[in-house]
Amino acid sequence: MSGKIQMLDLRAQYLSIKEEIDTAMASVVDSCKFINGPQVEQFAKALEEYSGAGHVIPCANGTDALQIALMGLGLEKGDEVIVPAFTYVATAEVIALLGLVPVMADVDPGSFCLRLEDIIPAVTPRTKAIVPVHLFGQCADMEPILEWAAPRGIAVVEDNAQSLGARYSFSDGRIAHAGTMGTIGCISFFPTKPLGCYGDGGALMCNDDELAQRLKMIASHGQRIKYHHEIVGCNSRLDTLQAAVLLAKLPHLDSWNKARAAVAERYRQQLSDIDGIILPAGSAKSTHVYHQYTIRVRDGRRDALKEHLAAAGIASMIYYPLPLQEQKAFAPIARAAGSLGNSARLCAEVLSLPICPELSSEAQDRICEQIRSFFK
Ligand SMILES: *Cc1c(COP(=O)(O)O)cnc(C)c1O
């Protein structure tokens with residue numbers, strides 16, 4: 001068999017729902033209501049219904065969602081926000097942009113996520129917020145974090161760019177969607193994310209009515225009534241075309257997430273006996289929507305495996321090659337809590353394999369055979 005295998009196949013997904021998407025987009029173009037058309041509010045309501053979030057506030061992208069969330073908390077310059085060192089840069093970038101201090105904490109090498117025990121050593125009297133990232137499709141262990149943060153008045157902003165649709169189980173049996181557990185949840189609809197639009201898009205989730213109003217205002221130039229600006233905000237809108245695409249795609253999200261989990265299960269069956277790699281760990285508390293299927297490669301052989309796969313026409317990606325503490329931009333701004341050794345090690349070991357609902361079993365067999373032959 002030949003032919004290249006990509007990380008994901010957006011075109012195959014489009015073709016599987018082509019009529020719905022084409023109809024939805026054509027109706028927006030026909031109406032010419034490109035900004036704040038009815039689909040924007042309809043999508044917000046549909047996502048509230050799907051997730052159980054009290055309020056969904058659409059915005060322009062996931063990075064903006066994080067920025068608007070932090071603006072909404074009313075923090076002061078120099079206040080500290082704890083972030084995982086192993087994450088996408090956007091998580092820390094918005095903190096720096098607002099004159100706040102990103103404090104980098106280490107992560108659990110098994111789940112790739114921030115734990116309460118990683119957070120504690122990073123806390124100071126200036127700690128005002130924590131941003132756990134639900135990385136690669138699975139929720140961070142939220143219950144201990146929320147229980148610890150609540151009595152201290154520390155906000156918890158979930159970076160849920162990668163895990164929309166994942167469910168977390170609390171010890172009392174309550175089950176909550178990723179993004180709906182903390183003070184605010186932030187979503188990205190970048191095309192490759194679990195629910196991706198056809199351009200940029202994002203949203204905030206919030207259960208507090210007053211805070212939700214404030215976030216909505218911030219995203220809209222600080223106004224509730226047009227041309228009456230109560231606070232300094234920004235311009236961050238989900239455009240109507242993107243909302244229409246997302247409205248058409250949302251009913252499919254759970255089945256796509258399930259299909260990716262089935263691909264992950266096949267990887268587990270075919271790769272679990274290979275000593276040279278560590279497969280992603282499941283969690284007893286969170287379902288996994290497998291935004292990425294990320295293995296760890298032992299003995300410094302990650303880059304060699306990546307090249308071996310590339311030579312066989314198989315894509316793979318390194319998310320992420322550098323931890324925050326090694327990013328030049330953050331050296332003068334961020335503070336590290338401890339040595340952050342897990343984050344540095346993960347950056348040297350991780351390799352994400354192709355995964356998408358449409359990945360054929362033939363293609364997946366080919367990927368697994370190539371990984372097997374590399375370790376022979
Ligand atoms: C994608 C992503 C973002 C940013 O989302 P954009 O829509 O690209 O701005 C933030 N955090 C994480 C963890 C992400 O994966």
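The values are calculated or read from the model by the stated rules, or taken from the named source; none is laboratory data. On a predicted model such as this, the values are computed, not experimentally measured, just so you know. Don't worry about glycine lacking a Cβ; one is built from the backbone with ideal geometry, like all the others, and counts go over all protein chains shown. Surface areas here come from the heavy atoms of the whole protein model, side chains and all, with no ligands, DNA or RNA. Shrake-Rupley method; radii C 1.70, N 1.55, O 1.52, S 1.80 Å.
Taking the 1.4 Å solvent-accessible surface of the chain as the whole, the part contributed by carbon and sulfur is 53%. In the range 56-207, Cα pairs under 8 Å separated by at least six residues give a relative contact order of 26 percent. The residue 27 and residue 284 beta-carbon pair, evaluated with R₀ = 45 Å, returns a calculated FRET efficiency of approximately 0.55.
The overall shape of the range 222-374 is oblate: from the C-alpha gyration tensor, with semi-axes ordered a ≥ b ≥ c, the ratio a/c is 1.5 or greater and a/b is no larger than b/c. Sorted on the mean count of surrounding Cβ atoms within 10 Å across their residues, most packed first, peptides 116-127, 140-151 read 140-151, 116-127.
Calculated FRET efficiency, residue 232 to residue 376, Cβ-Cβ distance, R0 = 45 Å: about 0.15 to the nearest 0.05. Seen from residue 171, the other residues with C-beta closer than 14 Å to its C-beta sum to a net charge of -2, counting Lys and Arg as +1 and Asp and Glu as -1. Quote the charge dipole size of the chain about the Cα centre in Debye, to the nearest 20; the model charges only the Cβ of Lys and Arg (+1) and of Asp and Glu (-1). Dipole magnitude for the chain comes out near 440 debye.
Spin-label pair residue 14-residue 322: with each label point 7 Å from Cα along the Cα-Cβ axis, the two points sit 3.3 nm from one another.
Using r as the Cβ-Cβ distance of residue 369 and residue 307, and R0 as 22 Å, what FRET efficiency do you calculate, to the nearest 0.05?
Efficiency for this residue pair is about 0.85.
Is the C-alpha gyration tensor of the chain telling us rounded, prolate or oblate? Criteria: a/c under 1.5 is rounded; beyond that, a/b larger than b/c is prolate, otherwise oblate. Because a/c hits 1.5 or more and a/b fails to exceed b/c, the chain counts as oblate.
Across the range 102-183, the mean sequence separation of Cα contacts (distance under 8 Å, 6 or more residues apart), normalised by length, yields a relative contact order of 25 percent. Taking 0.36 nm per residue of sequence separation and removing the Cα-Cα distance, the residue 335/residue 89 pair yields an extension gain of 87.1 nm.
Dipole orientation for the range 207-363: of the candidates 293, 215, 310, 215 has the Cα lying most toward the positive pole (charges on Cβ; Lys, Arg +1; Asp, Glu -1).
Taking all protein chains into account, the per residue accessible area for the chain stands at 43 Å² (1.4 Å probe).
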